[in-house]
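What follows is a single structure, written as structure tokens, with notes after it.
The values are calculated or read from the model by the stated rules, or taken from the named source; none is laboratory data. These figures come from a predicted structure and were not determined experimentally. When we count neighbours, we look across all protein chains shown, and the Cβ atoms used for this are built from the backbone with ideal geometry, even at glycine.
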Amino acid sequence: MQPARDPSTSSYYVTDTFYRELVDSFANWQRDDLAVADAAERDRFRMLVEQEARLLDQLAFDEWLAMYAPECIYWVPATPAAGDPRREVAISFDDRRRMEDRIYRLRTGYAWSQAPKSRTVRMISNVEVFATGSDGVRMVRSNFLISEFRRDGVRFLSGFCGHRFVAANMWHSCSNYTLEQAFAGSTPELRQAFERFVQLVERCGQVTVIAQRTRIVLQARVRFAGATVLRDRLRLNFALARKHDAPWLTKIESYGPRWNAHPFEIRQTTEFDALAELPALLCESYNDLLQQRALHRE
């Protein structure tokens, strides 16, 4: 069985097929004959767009990113007609890996354009909802006005934004994904092992467990640990500001000078008993990234 791939570490899903579907989705979608007239449905999507604006104004980047599907794209075209990002320059074309990189960099204190951090206020208006060829997919257009307050003055940015919303449990959707679904193809022993892992983490403080289509995330203020469910084993990981060597850890992956992922694998609950240093390492991870001491956060 091939291991599950993590969109936080690889752009595996950004394929030619993905590009074609992206371009098709945002071509000829703002049409009067596709406009949704139901006020309740329009209001539901308006609330989601307004929630996104509020989270960004609050610098709640983890909560903002959690609104997106695991395999997502944040695309800012450079031309009015958008076109094809494979053939035209884009101001921004970020997959999940790049989005998480940007969030990490903002927290390092070395993003000089954001030192000090901007304060923003977003105004959302003219929200329109459009039907597609699928009942579970809606396209949403909204206008925005961003007031950015900086030390050297205030600037205003305006434009419109297009969202592609996908119903829960469809492709490119992570909403309402459950632990039961995540463990559906595994053994009961793996679910018990995961619960033991969560118990060890909860000794360090309050934790939120978020099941997604390709992984399970453990986060406090930020994501600091997680799991990938395979058929016969769990691939667990936690992040540290430093690198820690131990024979039970597999290859350490670094995503910045102070963010080092430490993966390891477990097949049954009893294997945790041999990892005497794990509880202390999990609490180190929790404290490093929750309190942002390792990221020099004020």
In region 109-164, which residues are among the charged types (D, E, K, R), modelled with pLDDT of 90 or more and farther than 15 Å from residue 59 by Cβ?
128, 138, 141, 155, 164
Complete set of residues in region 232-249 that are farther than 19 Å from residue 271 by Cα and either loosely packed, with under 14 Cβ neighbours inside 10 Å or touching a His at 6+ places or on another chain (Cβ under 8 Å) (or both)
239, 240, 242, 243, 244
Subset tally (residues that are of a type in the set (S, T, N, Q) and in contact with an Asp or Glu (Cβ under 6 Å, 6 or more places away or on another chain)) for region 231-270:
1
For region 1-55, give me each residue that is assigned to a helix (DSSP H, G or I) and polar (S, T, N, Q).
17, 25, 51
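Residues are listed down the side, and each one gets a yes or a no for (1) loosely packed, with under 12 Cβ neighbours inside 10 Å; (2) closer than 24 Å to residue 104 by Cα; (3) of a type outside the set (Phe, Trp, Tyr); (4) within 16 Å of the chain's Cα centre (by Cα):
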site	(1), (2), (3), (4)
6	no, yes, yes, yes
9	no, yes, yes, yes
19	no, no, no, no
34	no, no, yes, no
62	no, yes, yes, yes
